[in-house]
Amino acid sequence: MLGIFKSYRRLSRKRKNVKPPEVRTLKTVLLDDTHLFWFGWGSLKLATHRGHITIPFKLHEHARKFRDWEVKGSRLMRDGDEYYLHVTFRKTVEMKKPKESLGIDVNEKSVDLAIVKPDKVRFIKIDVSGVKHIRDRYFRKRRSMQSRTSGETRSRLLAKYSGREKRRVNTILHKASKMIAEIIGEEKVIPVMEELKGIRERIRYGKRMNRRLHSIPFRKIQFYISYKSMEH
């Protein structure tokens, strides 16, 4: 909502007769004020204009690892007749300074690792070629839809397939970054990643090659590796 309002305000300063945003269906409620909600492992207590209400919920098995973490905020989401609670946790970790390092190089089809220690150097290649196949397949689907459809149908289909592509790519990146985080913990090394500032501007090849290289999620996989490795 805040992003939509900021976008409207920015456009209204540049152009006249900009239609203000309209909320027809509210499916998400942010619960960022910890004075208005109390999170428990099995129930959520909310402060409303009619008093406090307690909502029981089923805890996902994956969430049990966050029991000792600090709750920072949450959002209540509605999907049809079902409600989902997304909670943000925070944990203070002690920064370790290992002497050994792990070099990480993100490529089109793999993430290449180099474990550098005084007594050994070990190379590991983690396959992420599925990302390229997914990008190529959905690029062809979008091009086909743009030539065959128009208007609301085109917008709806593009949004549908864009979300599906993103989820499938993220699944591959999460699995790869989890493997790398486990290697970091086992080998007790510090990850060293390439500087990405300006990398998109430096990619200047042919049209087809530019599209392939721009589709590589350099920064996203670095982000996943960074926060997953903190747990180790």
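Just so you know, all these numbers are worked out from the coordinates, no wet-lab data involved. Fair warning: this is a prediction, and the values are worked out from it, not measured in the lab. Heads up, the Cβs are rebuilt from the backbone with ideal geometry, glycines too, and the neighbour counts pull from every protein chain shown.
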How do 145, 77 rank when sorted from fewest to most other Cβ atoms within 10 Å of their own Cβ?
77, 145
Exposure-ranked with fewest Cβ neighbours within 10 Å first, 41, 69 stand as 41, 69
In this structure, among 58/178; 109/178; 166/188; 14/132; 141/220; 109/160, pairs with alpha-carbon gaps over 29 Å are 166/188; 14/132
As a footprinting exposure proxy, order 177, 110 by other Cβ within 10 Å, with the fewest listed first.
110, 177
5 Å is the cut-off here: which amide hydrogens, built 1.01 Å from N in the peptide plane, fall below it relative to residue 117, excluding neighbours closer than 5 in sequence?
122
In the range 73-128, which trypsin sites (Lys or Arg not before Pro) are in a loop and have at most 14 other Cβ atoms within 10 Å, using DSSP for the loop call?
91, 96, 99, 109
Please give the length that would be gained between residue 78 and residue 17 if that part of the chain were fully extended, namely 0.36 nm times their separation in residues minus their C-alpha to C-alpha distance (nm, one decimal).
18.7 nm
